[in-house]
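Trainee: Here it is, the structure in full.
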Amino acid sequence: MTGLFQRFINKFFKNFFKRKKQVKLGLYGPPNGGKTTLANKICLDWLGEEMGTVSNIPHETREIQIKEEVTIKSGGKKLTFNLVDTPGIATKIDYEDFLKEGLKEKEAKIRAKEATKGVIDAIKWLDDMDAVIVVLDSTKDPYTQVNITIIGNLEARNIPVLLVGNKVDLKKSDIKKVQSAFPQYEVIGISAKNGTNIEAFYELLFKITG
């Protein structure tokens, strides 16, 4: 009886610690880069359901969103992780910017307050990340204070990073600019909306989480 009980305890703790060690993969970047669109693409491909709401108005995602046990397969390999979609990082959030998007004053102020809290939470969550996908809009100049701040925080924590230049389906897309801005990281151009180059993206996830 004692032997059976001991084996049960050993199995319990082995499974417990196995669960605790599950990889946390974070999606980070400035607002409207396409983080949630990419999160939705990953979840649709491997879970058959979307993760969050997408909008043209900045800071649609204002709270941390998590999908647990996402398993992807590529090249005969399998990877399971908890996908963490974070609010867009910004150095300044002004409710007046939301007024320009057509929101009423009360709604704009609430959104600005929630977005500010979301940015703080996203930075706090960095300490829990095992690897991070930084999603940038490849049609925009990558040399911004926000992008440099995000990359600097990741480098300071020695977190493995995959840099995604999103929206390659648009004419203004320039992946070379993203590559030259952050040459220390591997950069892949994708369209999260259309699925362009998504298989190559999945292959690279194994490199940063291995």
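Trainee: Where both residues lie in the range 73-210, what percent of DSSP beta bridges are antiparallel, nearest 5? All intermediate terms of the calculation are to be shown ahead of the outcome.
Mentor: Numbers: 3 of 12 bridges.
Bridges in the range 73-210 that DSSP calls antiparallel: roughly 25 percent.
Trainee: Within 10 Å of each residue's Cβ, count the other Cβ atoms and sort PHE182, PHE201 from fewest upward.
Mentor: The order, fewest Cβ neighbours first, is PHE182, PHE201.
Trainee: For GLU63, which sequence-distant residues (separation of 5 or more, or a different chain) have an amide H within less than 5 Å of its own amide H, given hydrogens modelled in the peptide plane?
Mentor: Answer set, sorted by chain and number: none.
Trainee: Beyond 27 Å between alpha-carbons counts as too far, so tell me which of LYS113/LYS176; LYS67/LYS117; LYS92/LYS177; LYS78/LYS171; LYS24/LYS77 fall in that bin.
Mentor: LYS113/LYS176; LYS78/LYS171, as the Cα separations exceed 27 Å there.
Trainee: Now for a different question. Pull up all non-local amide H partners of TYR28: gap of 5 or more, or a different chain, and H-to-H distance under 5 Å with H placed in the peptide plane.
Mentor: Residues meeting the criterion, in which the H sits 1.01 Å from N, are ILE133, VAL134, VAL135.
Trainee: Also: Enter the per residue convex hull volume of the range 21-209, computed from alpha-carbon coordinates, in Å³ rounded to the nearest integer.
Mentor: Taking only Cα atoms, the range 21-209 has a hull volume of 115 Å³ per residue.
No lab work stands behind these numbers, since they all come straight from the coordinates. Treat the numbers as computed from the prediction; the structure is a model and nothing was measured. Every residue, glycine among them, receives a Cβ derived from its backbone with ideal geometry; neighbour counts consider all protein chains shown.
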